[in-house]
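Right, one structure below, let's go through it.
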Amino acid sequence: MRVIVVGAGVAGLVTAVQLAERGASVDVVDRGAYLGAASCSWFAGGMLAPWCEAESAEPAVTHLGQMALDWWPAHIAGTVALGTLVVAPPRDTAELSRFSKRTTDFEWLDQDAVARLEPDLDGRFRKALFFPQEAHLDPRRALVALAARLEQMGVRISFDRDVSIPDLDADRIVDCRGFAAAADLPDLRGVKGEMVVIRTHEIKLHRPIRMLHPRIPLYIVPRQDGLFMIGATSIESADRSRITARSMIELLSAAYALHPAFGEAEVVEIGTDVRPAFPDNLPAIRRDGKIVRLNGLYRHGFLLSPAFARMAADAVFEETDGADRVER
């Protein structure tokens with residue numbers, strides 16, 4: 001079986017790995033000039049948080065997302081399995097109760113327990129929620145590691161290839177182009193996401209911290225070398241232009257509210273991109289002759305790509321009766 005995967009974001013690379021593991025001859029093509037250049041995956045938070053996502057996502061996200069907790073450590077190094085901490089400013093502690101009613105598999109922590117998990121937050125939060133089974137990774141390192149794994153498996157990745165999918169010569173074609181596939185998927189919409197990366201060695205965090213707020217909950221994810229990624233904005237727009245002043249203020253204010261040391265941090269990077277989403281915010285796999293389209297991962301690219309890549313591979317090899325496949 002010769003398969004061409006179009007798109008070298010997280011969905012495309014994970015699908016290519018699963019296809020190659022099943023014995024397919026796989027090539028990956030991407031319109032970007034280099035890895036991450038044309039992929040919203042490059043700006044992701046990298047949180048593997050199926051139970052936290054239940055606060056606003058469909059139950060399928062929690063159920064299928066749990067596969068990621070096993071898949072990523074089995075395929076690349078660098079997955080950190082230290083859970084997720086959810087906090088709220090003192091004036092918004094009611095948000096913790098609301099969050100707890102919509103989620104499961106967490107523990108309530110008091111101030112001392114928070115300090116044991118994150119010593120640099122000692123005395124800053126009286127209560128918190130801890131989701132011990134969750135994990136996180138650095139998306140950029142993960143994409144590089146996937147590309148290296150594919151190279152070892154004999155899979156070629158070609159960049160700067162803006163191809164016409166119907167003209168490709170293969171037994172099957174898997175379309176993982178994200179929002180670039182909107183012309184072929186009329187119900188696909190764009191949801192703009194914005195992020196800021198800052199650097200400071202004045203504070204250390206060991207796991208993602210979600211800061212609850214009645215209007216815009218935000219997260220801060222630690223990375224190597226004193227870097228922290230701040231994100232979670234979701235704007236109904238396909239505009240990929242630069243970050244708005246409002247979002248920049250809210251992102252940095254969230255970090256400062258978590259700990260004042262972030263106020264002296266260096267701003268290293270500001271990024272925006274457009275996430276692909278269907279009307280119900282759930283991914284879908286659709287068949288069109290020899291073309292299998294995987295799209296609509298929305299905010300859950302790293303969380304849901306292992307499960308949906310498996311379904312896409314099933315569709316390629318026609319090893320499913322469709323009962324476990326989301327197809328709309």
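The values are calculated or read from the model by the stated rules, or taken from the named source; none is laboratory data. All of these numbers come straight from a predicted model, not from anything done at the bench. No Cβ is skipped: glycine too gets one built from the backbone with ideal geometry, and neighbour counts run over all protein chains shown. Heads up: the accessible areas ignore ligands, DNA and RNA and are worked out on the full protein's heavy atoms, side chains in. Shrake-Rupley method; radii C 1.70, N 1.55, O 1.52, S 1.80 Å.
Entry note, the chain: the mean residue ellipticity at 222 nm calculated from DSSP H runs of n ≥ 4, each adding -39500 (n - 2.57), is -8500 deg cm²/dmol after division by the residues and rounding to the nearest 500. Residue 86 sits with roughly 0 Å² accessible to a 1.4 Å probe, with DNA, RNA and ligands left out of the calculation.
Counting only alpha carbon atoms, the long axis of helix 10-21 and the longest principal axis of the chain meet at about 50°. Between region 104-137 and region 32-69, how far is it from one alpha carbon centroid to the other, in angstrom? Cα centres, region 104-137 to region 32-69: 22 Å. In terms of packing, defined here as the mean over residues of other Cβ atoms within 10 angstrom, the peptides 184-196, 241-253 line up highest first as 184-196, 241-253.
Distance between the 7 Å Cα→Cβ label points at residue 98 and residue 242: 3.3 nm. One chain, two ends: residue 261 and residue 120. Fully extended at 0.36 nm per residue, the span grows by 49.8 nm beyond their Cα-Cα distance.
Residue by residue, region 55-61 carries 3J(HN,Hα) couplings of 4, 9, 10, 5, x, 4, 5 Hz when phi is fed to the Karplus relation 6.51 cos²θ - 1.76 cosθ + 1.60 (θ = phi - 60°); x denotes Gly or Pro.
Once both labels are positioned 7 Å from their Cα atoms along Cα-to-Cβ, the gap between residue 317 and residue 160 label points is 3.6 nm. Using 7 Å Cα-to-Cβ label points, what is the residue 167/residue 107 separation (nm, one decimal)? Between residue 167 and residue 107, the simple spin-label model gives 5.8 nm.
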